[in-house]
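The values are calculated or read from the model by the stated rules, or taken from the named source; none is laboratory data. In this text the structure is predicted, and so the values were computed from the model without any measurement. Cβ placement follows ideal geometry from the backbone for every residue including glycine, while neighbour counts extend to all protein chains displayed.
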């Protein structure tokens, strides 16, 4: 097969217009490249094929939901990146097994000190009187009375608050804390608003909303589907920032270790962002970056923003440190860096129900090696 035929074959592989035997041939090339770093074409022919591979990667970056895997887009590891990108279309873990569209094992043998993905929810509620309730200690269907309201834990794990008809002199605020290494939890407030809380996050809220506003405070990351009520604005506080709505769907990312910006992303409706020094408004698909002021970004990758709620890690040219911050919160580990600190960028999507070593094997394809020592994750870049 000459270089022209190879390029045509790669293009047909990308579009899916390919026979089974041709598909197996292309995939064998890339398995060889991943496993040995060698390529059966000469160096000059490599360069001629590179343009085709670059185009394939860009198409995969922009491909619709369903891709599974992660790859580096740094120039240094170009051929590994290219091979991964081409094979991502085959299935979730094809890059690492080369055989199946199902969910095969990425790792040959799991590490004895591996860290599993969160298996349960370890959230706790701190009541207004200081009493603490661990949600895993409440059996499904149980009810806990709290003054003006009551908490019900459904069999799905969802927490539901209901008013009990008793009026109080003042609003009593509880705090739901979802620690690192805990599954995402969702809660229905007494006004009908639904909230999903990521690991390493907290929400302070009243048992029953009273007065002319509905006000809560969040740390970490939460997704809100606010029940519509024109007469009572819903306000989310974080430090000196307020998100003001009447009924809408939006995500707040306020992890302190992420970067200097709080990110508010609007999925539906409209919101107003207020700080001490500036204000801004969002339309669906926009994101506010809030620091000392409010900066609006349009055409945000909403799928990427909401991946945590939908059970995935998803990265769109994310740096290694950013990738591992998410990993650290989900698996509750400390990350230590050794060796080369080159900040590669990664693109892709990985299910969050994998063990830590399975996720990290994906990074190993991109020249990132690791060691797990208890709750410490040691990262080395080649």
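Take the conditions (1) in contact with a strand residue (DSSP E or B) (Cβ under 6 Å, 6 or more places away or on another chain); (2) assigned to a loop (DSSP other than H, G, I, E, B); (3) at pLDDT below 85; residue 362 misses just one of them, which is (2). Looking only at residues of segment 310-323 that are surrounded by fewer than 20 Cβ atoms within 10 Å (Cβ to Cβ) and closer than 13 Å to residue 350 by Cα, we find that the one that is nearest to the chain's Cα centre (by Cα) is 312.
Scanning segment 224-252 for residues that are in contact with a helix residue (DSSP H, G or I) (Cβ under 9 Å, 6 or more places away or on another chain) and surrounded by 23 or more Cβ atoms within 10 Å (Cβ to Cβ) returns no hits. With respect to (1) assigned to a strand (DSSP E or B); (2) modelled with pLDDT of 90 or more; (3) buried (at least 21 other Cβ atoms within 10 Å of the Cβ), the lone exception for residue 326 is condition (1). Of the residues in segment 263-275, not one is assigned by TED's automatic domain parsing to the domain that holds residue 357 and not in a helix (DSSP H, G or I). Considering each residue of segment 233-244 in turn, none proves to be part of a loop (DSSP other than H, G, I, E, B) and touching a residue at least 60 places away in the same chain (Cβ under 8 Å). Taking every residue in segment 367-380 that is more than 14 Å from residue 355 (Cα to Cα) and in the same structural domain as residue 346 (by TED's automatic domain parsing) and pairing it with any residue that is modelled with pLDDT of 90 or more and in a loop (DSSP other than H, G, I, E, B), at least 6 positions away or on another chain, the pairs with Cβ-Cβ distances below 7 Å are 376/333.
Of the residues making up segment 190-201, those that are at pLDDT 95 or above and crowded, with 18+ Cβ neighbours inside 10 Å number 8. For the criterion of being at pLDDT below 90, within 24 Å of the chain's Cα centre (by Cα) and crowded, with 17+ Cβ neighbours inside 10 Å, residue 121 passes. Could we say that residue 209 is closer than 19 Å to residue 192 by Cα, more than 23 Å from the chain's Cα centre (by Cα), modelled with pLDDT under 95 and buried (at least 18 other Cβ atoms within 10 Å of the Cβ) here? Yes; evaluated as a whole, the condition is true for this residue.
State yes or no: is residue 341 more than 23 Å from residue 217 (Cα to Cα), modelled with pLDDT under 85 and assigned to a loop (DSSP other than H, G, I, E, B)? Yes: the conditions hold for residue 341.
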